[in-house]
Amino acid sequence: MSTTNASTYRPDPADLPLLRGTAIDGMPAYEALVNEAQTDRLGFWARLAREHLTWRRPFTRVLDESNAPFFKWFDDGVLNASYNCLDRHLDNGNANKTAIIFEADDGTVTTITYLELHARVCRFANGLRERGIGLGDRVMIYLPMSIEGVVAMQACARIGAPHSVVFGGFSAKSLHERMVDVGAVAVITADEQMRGGKSLPLKSIVDEALAMGGTDDVHTVVVYRRTGGSILWDETRDCWLHEIEEAQPDTCEPEWVGAEHPLFVLYTSGSTGTPKGVQHSTAGYLLWTSVTMNWTFDIQPHDVFWCTADIGWITGHSYICYGPTAVGATQVIFEGVPTWPNAGRFWDMIARHKVSIFYTAPTAIRSLIKASESDGSVHPRRFDLSSLRLLGTVGEPINPSAWQWYAQEVGGGRCPVLDTFWQTETGGHMIAPLPGVTRLVPGSCTLPLPGIDAAIVDETGVELPNGQGGLLVIKQPWPSMLRTIWANPERFRHGYYPPELGGNLYLAGDGAIRDPETGYFTITGRIDDVLNVSGHRMGTMEIESALTANPLVSEAAVVGRPDETSGEAIVAFVVLKGPRPADGDAKQIADQLRAWVGKEIGPIAKPKEIRFGDSMPKTRSGKVVRRLLRSVAKGEAISQDVSTVENPAVLHQFSQHT
Ligand code: WT7
């Protein structure tokens, strides 16, 4: 472990950035781009699409709005995403550049060059083709963080098979639900995954999901041997990843697809019980990952980029699999967890791999602040973090004190902290500071990227003046936006272009406010029934459905409560079919229900607290009084008017902890 004298320089964050970006050189350059996008919107996007992507056949149409809000971008153009992420780098002198520095849970490091990554993707793509998988076939990916994860995604992209990656922390039931919805023909998984020194099953969860039925189209399960742990084997369906790659040529003609061909479907939570399959395009999506790698991250040839997200989330798609490779960057991929073998793991890795751009979630920062307070040896100041030049955050609001700590203790007062606001649906950054451009304000994601027409409106779609909070909307389509919800176009139209707002504004689902002087945006949190727990998006209805599926449960209501580390914590109010459990039994039943939710959805959805009452507090018309339950969850004394509540006495029962 490397140690250094910490920088004692502690500037005011308003003095940051001290670094000069090169992609957009200063505020006048930013303003010129914003202006270009406003005055010649289509010309602006066309220019970027020509500069950033390599086309097999150039597009002649930029935007087709005839079937709005089902927009099409560059739609007569033809290209391949994997070609853009790999082949392009082989002829420009970057063939032997390191593409990935992979660090396993146990610290073993493997590196792979662009040339080798290209060969592996080609071999794997050939292997998939040999199994009859090709254009338009959907492939599930349920893999740990690994080079193989990127190889699998890129191989799918190469043969035009949209992938659907499911985070390894989701249960068999969640995997099954997604597999059925997307109509998968194959699954790519591993025997097990390693996290924090422990092995966790993956293949057996796939087996369990496939045993649930309705997945007859799945003819192939490809298994990456990660641990060698024992697994069951179905000769008719299962095959080893290394065997699939073996004996395949190192080249593979890409499937040239139209710009609008779905690159992937990624499931995310909404305000109803079922997750929605967010469908992204090939060209528009890839374009924005490449542009934002340049603009937000100011990526340079010698940078070592590290995004700590999992490939199971959009951040891992855009800023691990596609963005860094599209621009030919060197990146770190990490299999394990930030707290193992100790909470200095991130800092130690930054020091050893000389990471220059580091991108993580506020939750991780907050938990590492806590850890370094109780154990000085894992404090970032104990490590040589001098390679860092840019820091980023994503996934949830970052509180100003965590922002300051990140800027000063991790960034040594040298590195701008880029608070990037975006969503699964937006494909890439929407509102974010740019290095060398934007004066930073802790807690604000600052200004929209050029081309992104963000605004704040009231419930009728009328734009609000700065200083007045409202709904965050995007007024013009942009290339990397979702195209639809898989198999549910109406959910797309109604959910994202609600008629109440006039039907022509993209509704992000977040509240926001703009600073009266600077016009900076601050995100105030979701306006729907979506929770953000440790940067993971969870629907309250999803968790409620899981709870009520338990034979003991009659009714359940789930709300979020602010939590110091995870941002929000899940609190469930439960009415059992039997009597309200006595104090002694309540804990045991709560544990049982938590385990149940873990099985139904995945461990990330387990409620932190479960409270029991005789009935659910409702209005006389039968609506659960969520607003009051949120106060109860926070431990607030109920000062609000409860006269509309049918059964106010249960609020007091629910105030008790188990
Ligand atoms: C929701 C989207 C985007 C990748 C990870 C999450 C919240 C995201 C920020 C930020 C405040 C943020 C929003 C958004 N969010 N980034 N910088 N500041 N809130 O993607 O799972 O689709 O969640 O995360 O509430 O709507 P996601």
* Filter segment 173-201 for residues that are of a type in the set (A, V, I, L, M) and touching a Lys or Arg at 6+ places or on another chain (Cβ under 8 Å) and give the result. => VAL182, ALA184, VAL185, ALA186, ALA190, MET194
* Which one of the conditions (1) under 19 Å from the mean Cα position of the chain (by Cα); (2) assigned to a loop (DSSP other than H, G, I, E, B) does GLY451 fail to meet, given that it meets all the rest? -> (1)
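LEU547 - would you say it is in contact with a strand residue (DSSP E or B) (Cβ under 7 Å, 6 or more places away or on another chain), surrounded by fewer than 21 Cβ atoms within 10 Å (Cβ to Cβ) and in contact (Cβ under 8 Å) with a residue 40 or more places away in the chain?
On the way: in contact with a strand residue (DSSP E or B) (Cβ under 7 Å, 6 or more places away or on another chain): yes; surrounded by fewer than 21 Cβ atoms within 10 Å (Cβ to Cβ): no; in contact (Cβ under 8 Å) with a residue 40 or more places away in the chain: yes.
Spelling it out, it is not the case that LEU547 is in contact with a strand residue (DSSP E or B) (Cβ under 7 Å, 6 or more places away or on another chain), surrounded by fewer than 21 Cβ atoms within 10 Å (Cβ to Cβ) and in contact (Cβ under 8 Å) with a residue 40 or more places away in the chain.
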* **Filter result (touching a residue at least 60 places away in the same chain (Cβ under 8 Å), under 23 Å from LEU115 (Cβ atoms) and in a loop (DSSP other than H, G, I, E, B)) within segment 247-292** => GLN248, PRO249, ASP250, THR251, CYS252, PRO254, GLU255, TRP256
* **Within segment 314-394, helices (runs of 4 or more DSSP H) holding 3 or more residues that are more than 16 Å from the ligand (Cβ to nearest atom) and within 27 Å of CYS85 (Cα to Cα)** => 345-353
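One line per residue, one yes/no per condition, for (1) under 30 Å from TRP45 (Cβ atoms); (2) touching a strand residue (DSSP E or B) at 6+ places or on another chain (Cβ under 9 Å); (3) of a type in the set (Asp, Glu); (4) surrounded by 21 or more Cβ atoms within 10 Å (Cβ to Cβ):
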{"site": "ARG226", "(1), (2), (3), (4)": "no, yes, no, yes"}
{"site": "GLU245", "(1), (2), (3), (4)": "no, no, yes, yes"}
{"site": "PRO249", "(1), (2), (3), (4)": "no, no, no, no"}
{"site": "TYR267", "(1), (2), (3), (4)": "yes, yes, no, yes"}
{"site": "VAL278", "(1), (2), (3), (4)": "yes, yes, no, yes"}
* To do: Would you tally the residues in segment 66-104 being touching a residue at least 60 places away in the same chain (Cβ under 8 Å) and not in a loop (DSSP other than H, G, I, E, B)?
  => 19
* Failed condition for MET541, given (1) without any contact (Cβ under 8 Å) to a residue 40 or more places away in the chain; (2) surrounded by fewer than 23 Cβ atoms within 10 Å (Cβ to Cβ), with all others met? -> (1)
* Could you check how many residues of segment 395-409 are out of contact with any helix residue (DSSP H, G or I) (no Cβ under 7 Å at 6 or more places or on another chain) and more than 12 Å from the ligand (Cβ to nearest atom)? => 3
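Answer yes or no as to whether LYS587 is within 22 Å of SER534 (Cβ to Cβ) and of a type outside the set (Asp, Glu). Explain how you work it out, then say what you get.
Values: within 22 Å of SER534 (Cβ to Cβ): no; of a type outside the set (Asp, Glu): yes.
For LYS587, the condition - within 22 Å of SER534 (Cβ to Cβ) and of a type outside the set (Asp, Glu) - is not met.
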* Could you run through segment 160-202 and say how many residues are over 30 Å from THR282 (Cβ atoms) and touching a strand residue (DSSP E or B) at 6+ places or on another chain (Cβ under 9 Å)? => 6
* **Residue among GLY412, GLY443, GLY436, GLY428 that is within 12 Å of the ligand (Cβ to nearest atom), part of a loop (DSSP other than H, G, I, E, B) and modelled with pLDDT under 95** => GLY443
* Breaking point among (1) under 22 Å from SER269 (Cβ atoms); (2) crowded, with 19+ Cβ neighbours inside 10 Å, for SER146 -> (1)
* Selected residue (only one of LEU48, LEU19, LEU42 is closer than 26 Å to PRO301 by Cβ, modelled with pLDDT of 95 or more and either buried (at least 16 other Cβ atoms within 10 Å of the Cβ) or not charged (D, E, K, R) (or both)) -> LEU48
* **Neighbours by Cβ (under 7 Å, 6+ apart or cross-chain): first from segment 509-533, within 12 Å of the ligand (Cβ to nearest atom); second among the charged types (D, E, K, R) and assigned to a loop (DSSP other than H, G, I, E, B)** => GLY509/ASP528; ASN532/GLU396
* Can you name the residue in segment 188-201 that is surrounded by 21 or more Cβ atoms within 10 Å (Cβ to Cβ) and in contact with a Phe, Trp or Tyr (Cβ under 6 Å, 6 or more places away or on another chain) and is also farthest from ALA172 (Cα to Cα) among such residues? -> ALA190
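The values are calculated or read from the model by the stated rules, or taken from the named source; none is laboratory data. As the structure is a computational prediction, the values presented were derived from the model and not from experiment. We place every Cβ from the backbone using ideal geometry, glycine too, and count neighbours over all the protein chains shown.
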